[in-house]
Amino acid sequence: MEFEQLPRESAKAFAAFSIYLNMGPERSLAAVAKRLAKSVQLIRRWSARHGWTARVQAHGAHLALVERQATESALRSKAAEWLTRQCEHRDEEWRVRGELLEAGREALRRWKANTNQCGSLAGIARMLELASKLGRLASGMPSDRTEVAAEVTVALDVEWEMALKKVYGRQPPPKTIDAEVVRETNREEKR
């Protein structure tokens, strides 16, 4: 690594660099010289000869890389854990869906046999609807469908007509259509 001792760097020069590196943002050559009781000129020579500034930057980049890799590793691990949980949850929803379908079919069979003794058809329908919804969720399909039937009416105002005349010149502008937006309630709201 660039911030480790260089081949031609003496032990004393490397010790001075290590002090410089570990001083953090408050580092200075004068502070290193004072701490080691050496001249500032000597510390400046070592710094210039051995590229202390670039080595400090390389050290910072290395620490950032290590931190990013550790964060990514932790995120990958957590993502794998959540994927496992999702799969387990889907499997459980699918299993419950099967039980609900079976119970709904049995209730429907009993209701057909004797309508007075076995719940309501609405209750059975809700059970089967829940089974369908669980199955859709477990298999990644959409669980709700919304249909909207609407009639659209639009009115083109005078400013637009004037703008069209400017764009197209003296030619007659395209025909305008009066339209009004009317929204019908969707089928789910009618129920």
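Key figures
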{"quantity": "Close pairs (8 angstrom Cβ cut-off, 6 or more residues apart or separate chains): at negative phi and touching a residue at least 40 places away in the same chain (Cβ under 8 Å) in segment 1-25, surrounded by 15 or more Cβ atoms within 10 Å (Cβ to Cβ) and basic (Lys, Arg) anywhere", "calculated": "GLU2/ARG55; PHE3/ARG55"}
{"quantity": "Positions within segment 46-79 being surrounded by 13 or more Cβ atoms within 10 Å (Cβ to Cβ), in a helix (DSSP H, G or I) and not β-branched (Val, Ile, Thr), in sequence order", "calculated": "TRP46, SER47, TRP52, ARG55, GLN57, ALA58, HIS59, HIS62"}
{"quantity": "ALA138 vs. criteria surrounded by 10 or more Cβ atoms within 10 Å (Cβ to Cβ) and either without any contact (Cβ under 8 Å) to a residue 40 or more places away in the chain or under 30 Å from PRO25 (Cβ atoms) (or both)", "calculated": "no"}
{"quantity": "Neighbours by Cβ (under 9 Å, 6+ apart or cross-chain): first from segment 80-92, closer than 15 Å to GLY140 by Cα; second of a type outside the set (A, V, I, L, M, F, W, C)", "calculated": "ARG90/SER139; ARG90/GLY140"}
{"quantity": "Residue check, VAL66 under 30 Å from SER139 (Cα atoms) and not acidic (Asp, Glu)", "calculated": "no"}
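Rule-based calculations on the coordinates, nothing more; no lab input. The model shown is predicted, which means the values in this text are computed figures rather than measured ones. For neighbour counting, all protein chains shown are included, and Cβ atoms are generated from backbone atoms with ideal geometry for every residue, glycine included.
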